[in-house]
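Working notes for the structure below.
Bear in mind that the values in this text are calculations on the coordinates, not laboratory data. All of these numbers come straight from a predicted model, not from anything done at the bench. Glycine gets a Cβ as well: all are built from the backbone with ideal geometry, and neighbour counts include every protein chain shown.
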């Protein structure tokens with residue numbers, strides 16, 4: 001698939017990208033630059049789609065990594081009663097705070 005300069009104008013308009021294509025512009029034509037880059041991207045996609053991948057198993061990651069998992073064990077003791085003992089107001093195990101929004 002190959003794009004034309006009209007396609008680039010439409011894409012630029014949809015993407016809200018300003019492209020400069022004035023005839024008095026001394027620099028390289030911006031539209032032809034965008035056209036070449038987009039056509040290169042599309043040709044790369046065509047090459048990737050042509051690759052046979054039926055026998056390739058999907059992977060979650062590009063590398064076969066095994067994560068070292070730590071043991072699921074309690075490392076801290078429960079300090080809830082100590083913290084609630086010094087709180088200004090507690091009710092049914094919850095901290096009571098003053099109303100902020102009226």
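Some points to look at:
- Residues in segment 65-91 that are within 43 Å of the chain's Cα centre (by Cα) and in a loop (DSSP other than H, G, I, E, B): 16 in all.
- So residue 47, is it in contact with a strand residue (DSSP E or B) (Cβ under 9 Å, 6 or more places away or on another chain) and not in a loop (DSSP other than H, G, I, E, B): no
- Condition met for residue 90 (touching a helix residue (DSSP H, G or I) at 6+ places or on another chain (Cβ under 7 Å) and farther than 30 Å from residue 12 by Cα): yes
- Residue within segment 15-28 that is part of a helix (DSSP H, G or I) and either touching a residue at least 40 places away in the same chain (Cβ under 8 Å) or loosely packed, with under 10 Cβ neighbours inside 10 Å (or both) present: no
- Verdict on residue 69 being surrounded by 10 or more Cβ atoms within 10 Å (Cβ to Cβ) and either free of Cβ contacts under 8 Å to residues at least 40 places away in the same chain or touching a helix residue (DSSP H, G or I) at 6+ places or on another chain (Cβ under 8 Å) (or both): no
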